[in-house]
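Below is one structure. I have some questions about it.
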Amino acid sequence: MKDLKGRALRFVLLYGAWLVLTDPGKRDEWIAGGIVALLAAALPLFPRTVLGDLKLSPKALVGMIVYFAVFMKALVMSNLDVAWRVVHPRMPINPGIVAIRTRLATPLGRLLLANSITLTPGTITVETKGDTFFIHWINVSERDVEAATKAIVGGFEKRLEVFCG
C-alpha cells in the first residue's frame, strides 16, 4: 500500500511537471504527459520511494502549509542574521560543528529536515548517522546535543512530524 501511494504521488508530480513545462492547452500534450508519467511511475525504476512516507490527510495538508510558513520565517530571519554578521565590523562568528538528534523516523522526514537546515543560511548539514546529524553552524552558541537540537531544529521537527513523521 505504501508503494502504491508513493507511485501515485510520483505520477501526480511527474504529470504536474509535464503540464507546467509544456502547452497544457493541447489535448495531445495532456494525453502524452499522462502516458509518460504513468509509465515512469509504474516502472520499477526505484525499489522504494521516499514519497511513500508522506501522510495524506487534511491534518497533514495543514501541517505542510504551517511547515512552509515556519520554514520561510526561519529563512528570512537567518538571512538577516548572516547579513548582520557580514556587515558587522568585527564579524561576530564562532563557527563549529555540532551534533543534533532528531525524533523523525522516516527517510523523507530526515531528508526534509537535513535540507531545511542546509537551506537556512548559517547552518549546513555535514553528515547524518541514524538519528544524529552533524551541523556546521556559523555561530555555535550551544555545544550540548539537546540544546543545539532545540536551537537548530526545534521549529522544523515538530511540524515535519505531522506529515512525514
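The values are calculated or read from the model by the stated rules, or taken from the named source; none is laboratory data. Model, not experiment: these values are computed from the prediction. Protein only, heavy atoms only, side chains kept; ligands, DNA and RNA dropped before computing areas. Shrake-Rupley method; radii C 1.70, N 1.55, O 1.52, S 1.80 Å.
Starting from the Kirkwood radius over alpha-carbon pairs of the chain, derive D by Stokes-Einstein at 10 °C in a medium of 1.306 mPa s and give it in µm² s⁻¹. Let's see the in-between values first.
Values: Rh = 18.1 Å.
Approximately 88 µm²/s, per Stokes-Einstein.
Using a Cα-Cα cut-off of under 19 Å, which lysines could be cross-linked to K158, ignoring same-chain neighbours fewer than 8 residues away?
In chain and number order, the partners are K55, K59, K73, K150.
How do I100, I93, I138 stack up against each other in accessible area, from largest to smallest, with a 1.4 angstrom probe? Write out the running numbers ahead of the final one.
Details: I100 0, I93 75, I138 40 Å².
The residues order as I93, I138, I100, largest area first.
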